[in-house]
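Since the structure comes first, as structure tokens, the remarks are kept for the end.
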Amino acid sequence: MAGLNGDPFLGIDDNSEKLQYNNNSKEAIDKEGLVVGIGEDSSNNKNNNQGGEKDMAGNSIHRSGSRPQLDLSKAEIQGNSEERDPTILLPNQTDDISHLALDIGGSLIKLVYFSRHEDQSVDDKRKKTVKERLGISNGNRRNFPVLGGRLHFVKFETSKLNECLDFISSKQLHRGGIDSHHWNSEAPANENAVIKATGGGAYKFADLFKERLGVSIDKEDEMDCLVAGANFLLKAIRHEAFTHMEGHKEFVQIDHNDLFPYLLVNIGSGVSIIKVDGDGKFQRVSGTNVGGGTYWGLGRLLTKCNSFDELLELSQRGDNRTIDMLVGDIYGGMDYSKIGLSASTIASSFGKAISDKKELQDYRPEDISLSLLRMISYNIGQISYLNALRFGLKRIFFGGFFIRGHAYTMDTISFAVHFWSKGEAQAMFLRHEGFLGAVGAFMSYQKHGLDDLMVHHLVERFPMGAPYTGGKIHGPPLGDLNEKASI
């Protein structure tokens, strides 16, 4: 498919080991991910870095005054390929970024925060040497560079907001806010600290954050954050996007020059379908009120489950054929071959409940959960493809906490897109699917000082992730593609 390849090297052959060019910024980037100016930009860069710092190799460190920056060079996901919401390792981070961001939705709170490497086993001699070489003295900057860091991803149920507030307080994540002029770790707490947040809860719970943590909520637009978060992850993080078909998960690397346009389907409590044409260029083109909240809400009423994850766990032991009306149920076990529907095709989700003389308690909660999951997943996949068809798009990314890395959910969505597009379109998923809004809010701190996010410094040659088989499928087999359709 266009735009998918394993080597998004930016126009430099194997003999050019020192510099790579960024077409958008007109800058060159060396192997260590540091910016050096080219042509006219070189003089501008020189002016901007007067009195600037040098790294250990004598290269200029591209900074904006004394403000901290997020260095994403060689950023990568930490952990195994099956881990949900994995930490992102920032091995070249040298600034101490002390802030967090939240996406407070109707069902879940998503939180992203930065931390130093937990292993600070750097001896005093090395600290002193680094300090001397960088020419840093005691004062407003930290005493020595942060040697790497991590971005962490945590979620809480919105109904348990106090647990989220306790978590933030326990880790002192609200201290040393982005508006503070003191970037060293020993600086006093900022009484006017600001936390970036998006989602409806940023408005609904602003007073509670002020009361409990003494911080103000700086509200960011939800759609802006979703798109910014998706663009950031797709551009900066290798092994972020993947396909999932019949239990087979395969990572894909996106060519930055061919990323846009694409369709972003964010499945939260409801579903927003967004056509993304570039950085900051997007339009919400469709959506549906049948989403994750529907699955959780109906599932809770029908099965008495107390959480979304419990409901998903139930579905893994279910058989939807005990509840769904199939084509074979209508045609005496036969296919409807004239229009290409097999006997096992779902004709009507929950349709058997019409004719069966059973009460709710006579149905297994496991079967109810799987039938509900399959109904919602398939319809979201179909609606998404119809919108992709509307705009001539063949690449669809699915995000939001409805999916949660659940193999059956992803397979059902993928089958829907594949079936209706006759194989011409492809569903793709994101490792940090539920954190797009929170990541976008995190990136918005550039307005408060992170004014040179180094996304374009990601210059390492990233190979295609090796395919692997994972995500065991539970419930009845999906069978051939025709069995995914409904009349």
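Quick notes on this one:
- In nm, spacing of pseudo-spin labels at LYS204 and LYS281 (7 Å Cα→C-beta vector): 3.5
- Model label sites at ARG390 and ARG300, defined 7 Å from Cα along the beta-carbon direction, differ in position by 3.0 nm.
- Spacing of the two label points (7 Å from each Cα toward its C-beta) at SER159 and ASP319, in nm: 3.2
- FRET efficiency for ARG116 and GLN361, using Cβ-Cβ distance with R0 set to 60 Å, rounded to 0.05: 0.65
- Ranked by the mean number of other Cβ atoms within 10 Å of their residues, highest first, the peptides 228-239, 342-353 fall in the order 228-239, 342-353.
- Accessible-area value, SER159, 1.4 Å probe, nucleic acids and ligands omitted, Å²: 100
- Legend: residue pairs LYS219/LYS275; LYS235/LYS275; LYS281/LYS394; LYS155/LYS249, Cα-Cα distance threshold 20 Å; pairs beyond threshold, LYS219/LYS275; LYS155/LYS249.
- In plain terms, the chain from PHE167 to GLU424 could stretch by 88.0 nm, reckoned as 0.36 nm per residue minus the Cα-Cα distance.
- Hz values of 3J(HN,Hα) by residue in the range 218-224 - Karplus curve (6.51, -1.76, 1.60), Gly and Pro given as x: 9, 7, 10, 4, 5, 5, 4
- Farthest positive-ward along the range 191-267 dipole, Cα basis, beta-carbon charges - from GLN253, CYS225, LEU213: LEU213
- Across the range 279-404, the convex hull enclosing all Cα atoms gives 138 Å³ per residue.
The values are calculated or read from the model by the stated rules, or taken from the named source; none is laboratory data. None of the values given here were measured: they were computed from a predicted structure. Reconstructed Cβ throughout: ideal geometry from the backbone, glycine too, with neighbour counts over all protein chains shown. Note: accessible area is taken over every heavy atom of the protein model, side chains too, but ligands, DNA and RNA are not part of it. Shrake-Rupley method; radii C 1.70, N 1.55, O 1.52, S 1.80 Å.
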